[in-house]
Amino acid sequence: MFLKEKFLKKLPIVIFLVLFFVPFFWFPKNAVDLGGDGNRLYFYDPLAFTNNVSIFGITPEGKALVNPSNHAYLFYVLFIAGIKQIVGSPSTVINIFNGFKLSIGFLSIYLIVKELIQAGKSNKRIFFYVDLPSILAGFFYTIATGNEKLIVYWVKALHSHDQVFLNPLIFLLLLRYLLTQNRWYMVCVLFVSLLFSANFAMISAPPFFAFYPIALLFLFLYVIVIRKVKIRIREVVIGLFFFLGLHAFHLIPELLAVFQNNTVATSVVFKESGVNYFTAIRGLGLAVVGIFVPSPATSLQWASFIAPFVLIMGFFQSWKKNKEIGLLCVFFFTTFFLVTANITHVGIELYKKLFLIPGFSMFRNFYLQWGYIFLFFYALLFGESLALVFKKIKVKYIAFAALSVVFLFIIGYWPFLSGRSVDGIHWGSKGVKTAMIMDPRYEQTLAFIKKLPDEGKIVAFPLTDNYIQVVFGMNNAAYSGPSTLPFLTGKKSFAGYQNFWPDPIPEHIMKFSKEKNYTALLQLFSLFNIGYLFHNTDPKIYEEMFPNFPNSYMMTSMPKTQEEYKEFVKHLPVRQIYENGPFQMFEFEERVYRPEVYIPDSIYQTDMLERIEDKSVSFRSAFIEPAQCSQSKIIADFCNARYVSPNLNVSMTKLDPTRYMIRVKQSGSAAPFLLVFQNSFHTGWKLSIDERSPLGEDQHVLVNKYANAWIITEADRNGKTEYTVSLNLETQKYFIYGLWITGFSLVIFVGYAVKTALEKEKL
């Protein structure tokens with residue numbers, strides 16, 4: 001009996017280890033599971049991702065939108081880089097992180113439920129009535145996580161999917177801290193949050209903001225009301241200040257960005273069209289079928305009824321006398337409503353009212369955003385209910401009941417445990433798997449692109465319906481996600497339709513392509529500073545294996561086959577500079593190319609799309625829409641005056657994606673002229689001459705529908721004929737300030753952790 005109990009107590013550790021190694025059998029050897037909206041390319045090359053993304057508050061793609069949330073990846077990706085340095089292979093790194101999700105998710109839920117069932121009473125520590133229900137709750141949480149019909153998608157961007165194990169882990173550590181008042185748990189919370197920095201930032205919204213406010217409310221109510229433990233407010237406040245200090249490197253620029261226009265953060269958190277979007281997708285929240293019958297395999301759905309059956313039995317046994325169950329039920333049904341949001345007309349209208357809360361628009365995609373918090377309370381309530389059911393069963397029958405539950409879970413969720421649903425099929429493809437072995441020829445191509453001059457962005461053929469790039473690997477699986485070029489090489493690229501926004505520019509690209517109006521198409525490419533063309537000629541990525549998403553819409557206007565694409569390229573003024581298998585690189589002729597920074601030889605006060613087909617329009621022209629001319633007196637005077645193109649010699653040095661230095665030699669006219677910078681318009685971009693104060697916003701004007709331009713007068717250059725122009729993204733300094741605060745906080749935090757450890761050792 002002693003040996004039996006000794007073994008049973010080690011069962012959670014055995015399950016922990018088994019679950020950790022399960023993902024190592026999901027994918028073929030050396031295969032990498034990348035792609036999706038979040039691309040997950042930081043697993044493949046974390047140092048390149050750091051240099052091209054994390055350090056700079058600007059997107060590396062296309063028009064280069066200001067995005068301070070990039071900074072949140074810094075410590076997270078450096079953590080990944082450290083693991084990759086040890087294990088070597090990106091596929092192994094991915095397996096390790098998938099192992100974290102399963103094993104730590106299981107262990108955290110197990111320990112939370114065990115604490116809830118015991119409620120601090122040591123005399124209740126009976127394996128069959130406490131440990132076993134807790135183990136089953138942890139197992140249920142872990143395997144249900146990867147089930148697409150339970151709202152939470154395994155293929156969701158990893159920076160949010162890390163929350164599968166981070167959420168319960170952080171909750172567990174905070175629970176232990178509040179109950180024991182041992183500061184070491186708080187130290188662990190802060191350390192883990194820093195390592196997984198991307199999961200505690202605007203970039204992880206909305207799942208982060210869906211989970212923590214509700215989970216922390218439950219935690220405080222449970223500790224204060226149920227366990228009647230007094231919370232040390234002073235220490236909690238100290239912990240909060242440590243959190244803010246350690247995360248200052250991304251929180252400061254992110255919070256400032258929320259109140260600015262034309263940033264990614266603004267579009268994520270505040271969006272007026274949220275309620276309309278919610279109304280459009282409301283039918284996707286399948287309350288009963290999607291939650292209580294979560295198995296992805298139709299033939300096995302019956303096995304998933306065990307979880308709701310246990311909940312019902314436990315609820316009817318205890319709803320009157322068990323305060324814990326009552327509190328859990330309140331939060332379970334609240335999150336149940338949020339994750340479905342379509343239960344009766346009254347429920348729909350109530351959810352709409354929530355959009356009045358500032359920032360609630362982030363939850364417009366309700367069936368995805370509330371999944372983590374719902375599953376969390378689902379697992380806790382399942383464990384508590386199972387414990388109550390087991391108390392009504394004789395001990396000799398409990399083992400049989402538990403084995404039956406495990407058996408039903410394994411049957412119901414076998415597609416997930418076996419990896420079949422994880423190594424899935426790309427939507428819109430003809431059976432193409434997601435875990436691909438990188439083609440060495442593509443790696444060599446990326447190395448070539450990386451060495452190209454900084455001048456000139458890249459357009460990638462075939463253009464896709466949105467921003468997606470498809471690359472086949474050596475195992476007939478493929479990457480499908482945001483273009484790999486900017487993230488792995490640092491070169492800005494346009495991979496698809498959405499990269500060319502604002503509307504209606506993408507439609508005009510399709511129109512000109514269909515009409516084979518190469519002059520107008522080249523004007524648009526030039527207006528986006530496109531200097532290179534990358535063509536992946538592999539027919540598998542286009543008409544053969546991806547005839548639908550992400551190509552179906554573009555196929556209506558662009559070439560329908562790769563052979564037609566090759567003919568299309570022949571009509572463009574490009575010369576081939578590289579070829580490796582299906583991967584080809586071309587360079588546009590200088591005559592059809594606008595540099596990233598240029599002085600226009602002519603200016604048109606009109607919507608550029610109205611003159612774009614005019615063959616007389618120079619490739620060095622600029623377009624100012626009439627509405628922009630009324631922004632300030634300086635701009636109005638400039639618009640009303642006759643533009644005289646100055647005789648200038650301009651040379652640009654790109655110091656980094658947020659800093660440019662332009663050397664100007666000028667002769668001839670002293671009239672004001674326009675300097676155009678072909679990145680997305682943002683007030684954070686500042687221009688200064690000879691290190692003097694930046695030009696005011698009354699000289700900063702939107703041109704070419706998306707780009708920055710400044711009116712430079714003779715007074716601005718102080719009458720000089722030779723001078724230096726500096727272009728800087730002002731918002732980048734907030735990252736630097738925040739990084740200093742983070743560094744200072746980290747030093748203090750290390751001291752705090754050492755002090756806590758010494759105090760514990762003394763005790």
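Within the stretch 17-34, can one find any residue that is out of contact with any Gly (no Cβ under 9 Å at 6 or more places or on another chain), free of Cβ contacts under 8 Å to residues at least 40 places away in the same chain and either surrounded by fewer than 22 Cβ atoms within 10 Å (Cβ to Cβ) or closer than 30 Å to Ala707 by Cβ (or both)? Yes - at least one qualifying residue is present in the stretch 17-34. Comparison of Thr731, Thr756, Thr742, Thr713 shows that the only residue that is surrounded by 14 or more Cβ atoms within 10 Å (Cβ to Cβ) and touching a Ser or Thr at 6+ places or on another chain (Cβ under 9 Å) is Thr731.
Can you tell me which residue within the stretch 1-36, out of those that are in a loop (DSSP other than H, G, I, E, B) and farther than 23 Å from Asn476 by Cβ, is modelled with the highest pLDDT? So that I can check it myself, show each step before the final result.
Looking only at the stretch 1-36, we keep the residues that are in a loop (DSSP other than H, G, I, E, B), and these are 1, 10, 26-31, 34-36.
Restricting the remaining residues to those that are farther than 23 Å from Asn476 by Cβ gives 1, 10.
Values: Met1: 44, Lys10: 85.
Out of the qualifying residues, it is Lys10.
Residues in the stretch 641-655 that are surrounded by 15 or more Cβ atoms within 10 Å (Cβ to Cβ) and of a type outside the set (Phe, Trp, Tyr): Ser645, Pro646, Leu648, Val650, Met652, Lys654.
Yes or no, residue by residue, for (1) more than 18 Å from Ser526 (Cα to Cα); (2) within 35 Å of the chain's Cα centre (by Cα):
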residue: Tyr565; (1), (2): yes, yes
residue: Phe568; (1), (2): no, yes
residue: Glu579; (1), (2): yes, yes
residue: Met585; (1), (2): no, yes
residue: Tyr593; (1), (2): no, yes
residue: Arg611; (1), (2): no, no
residue: Arg620; (1), (2): no, no
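Considering only the stretch 633-650, I want to know if a residue exists there that is among the aromatic types (Phe, Trp, Tyr), part of a helix (DSSP H, G or I) and either touching a residue at least 60 places away in the same chain (Cβ under 8 Å) or not assigned by TED's automatic domain parsing to the domain that holds Thr464 (or both). So far as the stretch 633-650 goes, yes, one or more of its residues are among the aromatic types (Phe, Trp, Tyr), part of a helix (DSSP H, G or I) and either touching a residue at least 60 places away in the same chain (Cβ under 8 Å) or not assigned by TED's automatic domain parsing to the domain that holds Thr464 (or both).
Selection of first residues in the stretch 539-565 that are under 16 Å from Gln498 (Cα atoms) and of second residues that are hydrophobic (A, V, I, L, M, F, W, C) and in a loop (DSSP other than H, G, I, E, B), restricted to Cβ pairs under 6 Å at least 6 apart or on distinct chains, gives the following pairs, ordered by first then second residue: Phe549/Trp427.
Within this structure, Asp503 passes the test of being modelled with pLDDT under 95 and acidic (Asp, Glu). Screening the candidates Pro415, Pro358 for the property of being in contact (Cβ under 8 Å) with a residue 12 or more places away in the chain, touching a Ser or Thr at 6+ places or on another chain (Cβ under 8 Å) and over 20 Å from Phe128 (Cα atoms) yields one hit, Pro415. Taken over the stretch 194-209, the criterion of being at pLDDT 85 or above and under 10 Å from the mean Cα position of the chain (by Cα) is satisfied by Ala198, Asn199.
Residues of the stretch 74-123 being part of a loop (DSSP other than H, G, I, E, B) and among the polar types (S, T, N, Q), which ones?
Of the stretch 74-123, the ones part of a loop (DSSP other than H, G, I, E, B) are 88-89, 119-121.
Correct list: Ser89 only.
Only one of the numbered conditions (1) at pLDDT 95 or above; (2) farther than 28 Å from Leu702 by Cα; (3) buried (at least 18 other Cβ atoms within 10 Å of the Cβ); (4) not β-branched (Val, Ile, Thr) is not met by Tyr660, and that is (2).
Scanning the stretch 510-531 for residues that are within 28 Å of the chain's Cα centre (by Cα) and of a type outside the set (S, T, N, Q) yields Phe525, Phe528, Ile530. A single entry from Met474, Met436 fulfils the requirement of being out of contact with any Leu (no Cβ under 8 Å at 6 or more places or on another chain) and of a type in the set (A, V, I, L, M): Met474.
Please find, among Asn718, Asn728, the residue that is of a type outside the set (D, E, K, R), touching a residue at least 60 places away in the same chain (Cβ under 8 Å) and closer than 30 Å to Ala670 by Cβ.
Working: Asn718 fails: touching a residue at least 60 places away in the same chain (Cβ under 8 Å).
Being of a type outside the set (D, E, K, R), touching a residue at least 60 places away in the same chain (Cβ under 8 Å) and closer than 30 Å to Ala670 by Cβ holds for just one of Asn718, Asn728, which is Asn728.
With respect to the conditions (1) among the small types (Gly, Ala, Ser); (2) touching a residue at least 24 places away in the same chain (Cβ under 8 Å); (3) surrounded by fewer than 18 Cβ atoms within 10 Å (Cβ to Cβ); (4) farther than 25 Å from His71 by Cα, Gly751 lacks only one, and its number is (2). Among the candidates Leu446, Leu417, Leu452, Leu485, the residue that is surrounded by 24 or more Cβ atoms within 10 Å (Cβ to Cβ) and not aromatic (Phe, Trp, Tyr) is uniquely Leu485.
Scan the stretch 365-372 and tell me whether some residue there is part of a loop (DSSP other than H, G, I, E, B), surrounded by fewer than 20 Cβ atoms within 10 Å (Cβ to Cβ), of a type outside the set (Ser, Thr, Tyr) and at pLDDT below 75. Before you say what the answer is, go through the steps one by one.
Initially, the stretch 365-372 is screened for residues part of a loop (DSSP other than H, G, I, E, B), giving 365, 370.
Filter once more, keeping what is surrounded by fewer than 20 Cβ atoms within 10 Å (Cβ to Cβ): 365.
Subset that is of a type outside the set (Ser, Thr, Tyr): 365.
With the extra rule that they be at pLDDT below 75, the set shrinks to 365.
The answer is yes; a qualifying residue exists.
Answer with yes or no whether Asn704 is surrounded by 19 or more Cβ atoms within 10 Å (Cβ to Cβ), in contact (Cβ under 8 Å) with a residue 24 or more places away in the chain and under 27 Å from the mean Cα position of the chain (by Cα). No: the conditions fail for Asn704. State yes or no: is Ser621 under 29 Å from Glu515 (Cβ atoms), surrounded by fewer than 13 Cβ atoms within 10 Å (Cβ to Cβ) and not assigned by TED's automatic domain parsing to the domain that holds Phe525? Considered against the rule, which asks whether it is under 29 Å from Glu515 (Cβ atoms), surrounded by fewer than 13 Cβ atoms within 10 Å (Cβ to Cβ) and not assigned by TED's automatic domain parsing to the domain that holds Phe525, Ser621 comes out as no.
The values are calculated or read from the model by the stated rules, or taken from the named source; none is laboratory data. A quick note: this is a predicted structure, and the numbers were derived from the prediction, not measured. Positions of Cβ are generated from backbone atoms using ideal geometry, with glycine treated the same way; all protein chains shown enter the neighbour counts.
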